[in-house]
Each structure stands twice: as C-alpha cells, then as structure tokens.
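Read the structure below first, then the notes.
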Amino acid sequence: MMDFFVGMSTLQQSFWWVAIIASFIFLIQLIFTIIGTDLSDGLGADFDGDLDAVHGPFQLFSFRNLINFLMGFGWTGVAFYHSFQNQMFLVILAAIVGSLFVVVFFLVIKQIMKLTEDNTFNIDKLVGKTAEVYLRIPEAKSGKGKIQVSLNGTNHELLAVTEAQEIPSGTMVKIIRVEEKILIVEKI
C-alpha cells in the first residue's frame, strides 16, 4: 500500500489518508446503524441534569458529523487534486464540500424523522371525540359501562360513566372529560 503513495505530495497523501480513514469509520458507523446498536451519538452528559427533553437527532458537533465532514473533505481533495493548481483553493473547496456533507446528512435525518410516528396512547387526547357505547352505561355514575373509540387509527374499549340518564348499547356519545382514567360521556 505504501507504494501507492510514492511520488505523491504531502497534501495529496493527506487527502488520501483522511478519505480512507473517514470512509472506514463511516462504514463501521453505517453497519452499527443498520444492525441497530444504540450509539447515543453525543446525547450523554457529564453533569447532573434533565436530558429527557433532548429530542435532537442532529447535533452540529458530534463524532458522526466530524466523520461526514472529513469524508467529504478527503474525497474532494483526492478527486480534484490534479484539477486545481492553487492548493489553498483546493483546501477551501474540500472544506466547503465537507460542510455540505454535514448539511446533506442533516437534511436526510430531518426527512427520516418526519417518518416517525408517536402511537403512545394518551387518554386525555380523547376529550371531545365521539364514541359508540359497547356495554350500556348506568345513569348518574351509578355504574360503569364500556365505549369503543378510535384514536390514531386504533380502536380502544374503555370504561365510561355518565352523569345523566342511562345510555344503551349502540348509542353515539361524546367524551366530555376524564376522571381517574374513566371517561365521562354524554349522549349526542
């Protein structure tokens, strides 16, 4: 392999080494991402604090972005080394392309994050929705019945009470509030 570098200038060798090493690390990261290892990519912290609110798939200064930058930088330098006589221009061009690699990575991750869907069930989101009585609901909170309601494309059978008169099975109701995880409904 060292014979490959014979006759190359120091700058050209540097571009090659940066490109090869960054590409190797990128491939390792890609394999780990595909097989699903949990690499937090810099979301950890050295201090006590509440990081539950951190929802960032993208951090500007991370190891992954460094590798993306170096890969763009190195391969641009390799590809355009003989095209430009001015070495300073070549280094600036390589830095710009490396930065573009980071931006493209950000845009790809942003589009991927749009595909995520939060299907966690939150009973409070049912207030104001309509439902169908599945098991009759006794009058004036004297007993519990069941209703069928759809939320986020999934059907749920939940306990319900009414403050008014009895509501028979098959009747459409509106959910007016939630008390201790039991739905308060009224006839529509």
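The values are calculated or read from the model by the stated rules, or taken from the named source; none is laboratory data. Predicted model, so just to flag it, every value in this text is computed and none were measured. In this analysis, Cβ positions are derived from the backbone assuming ideal geometry, glycine residues included, and neighbour counts consider all displayed protein chains. To get the accessible areas, we keep the full protein, side chains included, count just its heavy atoms, and leave off ligands, DNA and RNA. Shrake-Rupley method; radii C 1.70, N 1.55, O 1.52, S 1.80 Å.
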To the nearest 10 degrees, the tilt of helix 10-35 (Cα long axis) against the first principal axis of the alpha carbons of the chain is 20 degrees
Toy charge model, Lys and Arg Cβ at +1, Asp and Glu Cβ at -1: the range 82-188 dipole around Cα centroid in debye, rounded to 20, equals 140 debye
Computed over the chain: longest principal axis from alpha-carbon atoms vs helix 63-80 long axis, angle to nearest 10 degrees, is 40 degrees
accessible surface per residue for the chain, probe 1.4 Å, DNA/RNA/ligands not counted, whole Å² -> 67 Å²
Mean separation of Cα contacts under 8 Å (at least 6 apart) over the residue count of the chain, i.e. the relative contact order in percent, is 15 percent
The range 52-171, Kirkwood Rh and Cα Rg, ratio Rg/Rh at 1.48
Computed, not fitted: 222 nm per-residue ellipticity of the chain from DSSP H runs ≥ 4 (each -39500 (n - 2.57)), nearest 500, equal to -13500 deg cm²/dmol
For K144, the lysines lying under 26 Å Cα to Cα, once residues fewer than eight places off in the same chain are dropped, come out as K125, K129, K174, K181, K187
Expected unfolding gain across T154-I184 under the 0.36 nm per residue rule, minus the alpha-carbon gap, is 8.8 nm
With every protein chain in place, the accessible area of W17 for a 1.4 Å probe, in Å² rounded to the nearest 10, comes to 90 Å²
The percentage of the accessible area of the chain (probe 1.4 Å, all protein chains present) made up of carbon and sulfur atoms, to the nearest whole number, is 62 percent
To the nearest 10 degrees, the tilt of helix 87-114 (Cα long axis) against the first principal axis of the alpha carbons of the chain is 20 degrees
